[in-house]
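> Below: one structure in structure tokens.
Read-outs: derived from the displayed coordinates by stated rules, not from any lab. What you see is a predicted model, and the numbers here were worked out from it, not measured in a lab. Cβ: placed from backbone, ideal geometry, glycine included. Neighbour counts: every protein chain shown.
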Amino acid sequence: MKKSSLSENITYNSNKATISVLFETETTKEIRIVMKKNQVMKEHKTSFPITVEIFEGAINFGVDGTIHKLIKGDLVSLEASIPHDLVAVENSIVRLTLSKLDSVDRVVKVSES
């Protein structure tokens with residue numbers, strides 16, 4: 001069994017989203033993304049499917065040019081190679097499930113650009 005918390009030790013960085021690995025399983029990596037209001041993760045894509053959960057707050061989730069407002073409790077999945085971006089509408093905590101084969105460094109680089 002592995003245990004972590006989406007709500008403990010939250011750090012809102014004023015310059016960029018804060019990326020934390022919560023834990024890894026045999027098939028996935030569970031990531032927490034903490035975004036202050038108006039922070040952006042520019043358009044990007046991944047080679048593997050992802051799942052995104054809005055744990056707290058609200059984001060505009062752009063998918064292939066269409067904006068979807070996601071609020072606390074929303075859960076979406078996205079297939080590989082689909083361009084997407086995130087804009088925090090308010091302070092937000094996002095849970096991202098990556099394939100074990102995907103790279104956390106890729107997510108960090110997106111948050112820094």
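> Mean residue ellipticity at 222 nm from the helices of the chain, using -39,500 (n - 2.57) per DSSP H segment of n ≥ 4 over the full residue count, to the nearest 500 deg cm²/dmol?
-2000 deg cm²/dmol
> If you add up the charges near ARG106, with Lys and Arg at +1 and Asp and Glu at -1, over every other residue whose beta carbon is less than 14 angstrom from its beta carbon, what do you get?
Values: positive: LYS29, LYS42, LYS45, LYS100, LYS109; negative: GLU43, ASP102, ASP105, GLU112.
Overall, the nearby charge balance is +1.
> Tell me which lysines have Cα within less than 18 Å of LYS45's Cα, excluding those fewer than 8 residues away on the same chain?
Qualifying lysines at Cα under 18 Å: LYS29, LYS100, LYS109.
> Could I ask something else about it? Need the full-extension length gain, VAL63 to TYR12, defined as separation in residues times 0.36 nm minus the C-alpha distance. One decimal, nm.
15.9 nm
> When only alpha-carbon atoms are used, what values of Rg and Dmax, in angstrom, describe region 32-112?
Using the Cα atoms of region 32-112, the pair Rg, Dmax is 11.4, 31 Å.
> Charges at C-beta only: +1 for Lys and Arg, -1 for Asp and Glu. How large is the resulting dipole of the chain about its Cα centre, in Debye rounded to 20?
The dipole of the chain has a size of about 240 debye.
> In the chain, if the dipole is taken from +1 on Lys/Arg beta carbons and -1 on Asp/Glu beta carbons about the Cα centre, which of TYR12, HIS68, ILE82 is farthest to the positive end?
TYR12
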